[in-house]
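Q: Have a look at this one.
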């Protein structure tokens, strides 16, 4: 078997030092194949976001190795695109210029962009078109709705054609309808040109709608409780979520999540 | 209740067709209203001076000092040009030093903690009290006005820029860092644009600061400039000349202020959403 595209080998993470040290991640090992769509679910505060920051190199592992594309991760890596729970658009830039941001920073695009902006502007416009933001290129972020900002944020994450897309609860702050709409948008973007995705979410339906593989994590300190393959054919639609296999998988995940949560004393 | 609910949508929809015309009218009003106010103040002033028959060396009437301004415009404008040169040079140097210093101080917590108290301590010394020292070090002349203007106006820019840069936006920084941006990229693409509204706030303080520094220095250590005119005028009890000089000064101040306001509107419109 080929070496996984993303590989975590007994990775741990501890916040703080000495007396105040709090373990965020117990030794975790996993491998993600190139082009795989992975979802990580778990109770809040289980270290899901930390996992993403470890893969992207924004955080350094306390022990163990993170390897992406056969390179050990020691600093923020270039081949990732990241989108966060908040759209985090730069408020002084138009939608178009926000999407263009990676072209100004990531090599080799940076040098090419400086020489000739046109192809990049065209690609940014194309991306905005595919997520339904045509005509909003010159609007400032505050003039867009939350869902539209999040679409723009997705475009930005994909601008430099990253081979690894990291999504940190990107739809968490949106209403249910917008969220389901964006699942379809993300799926079609991914199906056009499969890239590897790690999606962190607390929405089990979202995980099943989008992912090939779902990891369930335990409460803090996080550790992987379950790895579930889910090969419902694509493109999946909202109707797929009523498929018997979908419903069964959902029940199974939910049972594991209930297990994973730290017990809260129930009121009798 | 119901009547109000019915009229409300009409009130919202009404300004739409007249939007362009409304914008022109607003721009015109933004000039005419303050101008009208200034003119009426001058009119009241004129009336008070005439009714109370005040001698010009105490308070000259606007008609009096404006006449002097026109009659002696050549030397006054020459002096004003000198003051404008000193002020603008001092302003430019002071603001540049302030921006660079503020960015350096604001981008490092260690430097911030180390330098900030010293900066505040330095600022509690009234800068104009240093003018005699400057004269000892650099000799009297118009350059003293420049130096004083620099010293007075770099401070607000430094402090405000340092604070603006130090108050970070970690989520925006993360966006850039996840792209592998360097510290320079983060500074250029996040920290500086984010600090722009505060920068323009400090610029307004720096403008007045530069004028104060220049004028005070000219009254103490120069033989040219509006400050020097003020000394000459008051020494010869020439109230009309003093006020003629002051009116030129006020005009320069308003011009510089308007210029910075224009730049501010152009560059930081995003920060004033929906206004």
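Q: Which one, B:88, B:59, B:39, has the greatest fluctuation when you compute a Gaussian network model over chain B with C-alpha springs under 10 angstrom?
A: B:39
Q: Compute the distribution of all C-alpha to C-alpha distances in segment B:98-207, in bins of 5 Å from 0, and list the percent of pairs in each, rounded to whole numbers.
A: P(r) for segment B:98-207, in whole percents per bin: 2, 12, 19, 18, 16, 12, 9, 6, 3, 2, 1, 0.
Q: Another question, then. Quick one: order A:193, A:139, A:48, A:60 by neighbouring beta-carbon count within 10 Å, fewest to most.
A: A:193, A:60, A:139, A:48
Q: Based on the alpha carbon coordinates of segment B:165-266, what radius of gyration and maximum Cα-Cα distance (Dmax) apply, in Å?
A: When restricted to the Cα atoms of segment B:165-266, Rg and Dmax are 21.4, 69 Å.
Q: While we're looking at this one, here's another question. How are the alpha carbon pair distances in segment A:1-152 distributed across 5 Å bins from zero to the largest one, expressed in percent?
A: Result, from short to long distances: 2, 8, 14, 16, 15, 14, 14, 10, 5, 1, 0 percent.
Q: Taking 8 Å as the Cα distance limit and 6 or more residues as the minimum spacing, I'd like the relative contact order of chain B as a percentage.
A: 25
Q: Follow-up question, since we're still on this one. Only helical DSSP H runs with n ≥ 4 go in: add -39500 (n - 2.57) per run for chain B, normalise by residue count and round the 222 nm mean residue ellipticity to 500 deg cm²/dmol.
A: That comes out to -27500 deg cm²/dmol.
Q: Once you put a point 7 Å from the Cα of residue A:33 and another 7 Å from the Cα of residue A:116, both along the Cβ direction, what distance in nm separates them?
A: A separation of 3.7 nm, rounded to one decimal place.
Q: On to the next question. I need to check one value: relative contact order of chain A, counting alpha carbon pairs closer than 8 Å and at least 6 residues apart, in percent.
A: This gives 25 percent for chain A.
Q: Could you give the Stokes-Einstein D for chain A in µm² per second, using the C-alpha Kirkwood radius, 37 °C, 0.692 mPa s?
A: For these conditions, the coefficient is 169 µm²/s.
Q: Please check: in the Gaussian network model of chain A (C-alpha springs, under 10 Å), which one of A:69, A:211, A:111 has the largest mean-square fluctuation.
A: Judging by the Gaussian network model, the answer is A:111.
Q: If you bin every alpha carbon distance in segment A:129-232 into 10 Å steps from zero, what whole percent lands in each bin?
A: Histogramming segment A:129-232 at 10 Å steps yields 13, 45, 32, 9, 2 percent.
Q: Using the basic label-point model (7 angstrom from Cα toward the beta carbon), what is the residue A:3 to residue B:74 distance in nanometres?
A: Simple spin-label model gives 8.6 nm for this pair.
Q: Okay, next question. In what sequence do A:240, A:153 fall when counting other Cβ within 10 Å, fewest first? Walk me through the intermediate numbers first.
A: On the way: A:240 15, A:153 25.
The most exposed by this proxy come first: A:240, A:153.
Q: Rounded, prolate or oblate for segment B:75-130? Axes are the square roots of the Cα gyration tensor eigenvalues, ordered a ≥ b ≥ c, and the cut-off for rounded is a/c under 1.5. All intermediate terms of the calculation are to be shown ahead of the outcome.
A: Working: a/c = 7.45, a/b = 2.14, b/c = 3.48.
Cα axes put segment B:75-130 in the oblate bin.
Q: Next up: How far is helix A:118-130 tilted, in degrees, relative to the longest principal axis of the Cα atoms in chain A, given as a value from 0 to 90 rounded to the nearest 10?
A: Once rounded, one gets 50 degrees.
Q: Identify the residues of segment B:154-174 with backbone N under 20 Å of a label point that sits 7 angstrom from the Cα of residue A:44 along the Cα-to-Cβ direction, or state none.
A: Taking a point 7 Å out along Cα→Cβ of residue A:44, the residues of segment B:154-174 whose backbone N falls under 20 Å are B:171.
Q: What share of the DSSP beta bridges in chain A is antiparallel, in percent to the nearest 5? Please list the in-between numbers first.
A: On the way: 19 of 38 bridges.
Of all bridge pairs located within chain A, approximately 50 percent are antiparallel.
Q: Further, regarding this structure: Taking the alpha carbon gyration tensor of segment B:56-271, what are the square roots of 5 times its eigenvalues, largest first, to the nearest whole Å?
A: So the equivalent ellipsoid measures 40, 20, 12 Å along its semi-axes.
Q: Report the normalised scattering of the protein assembly as shown as log10 I(q)/I(0) at q = 0.12 Å⁻¹, calculated by the Debye formula with identical scatterers on the alpha carbons.
A: Here log10 of I(q) over I(0) equals -1.15.
Q: Over the alpha-carbon set of segment A:199-245, work out the extent along each principal axis and list the three values in angstrom, largest first.
A: Principal-axis extents of segment A:199-245 (Cα, largest first): 36, 18, 17 Å.
Q: Mean-square fluctuation check for chain B, GNM, Cα pairs under 10 Å: which of B:100, B:229, B:115 is largest?
A: B:115
Q: Can you give the FRET efficiency for residue B:169 and residue A:250, using 1/(1 + (r/R0)^6), R0 = 45 Å, r = Cβ-Cβ distance, to the nearest 0.05?
A: 0.75
Only the coordinates and a few stated rules stand behind these numbers; no lab work does. Bear in mind the structure is a predicted one, so any value in this text is a computation, not a measurement. Every residue, glycine among them, receives a Cβ derived from its backbone with ideal geometry; neighbour counts consider all protein chains shown.
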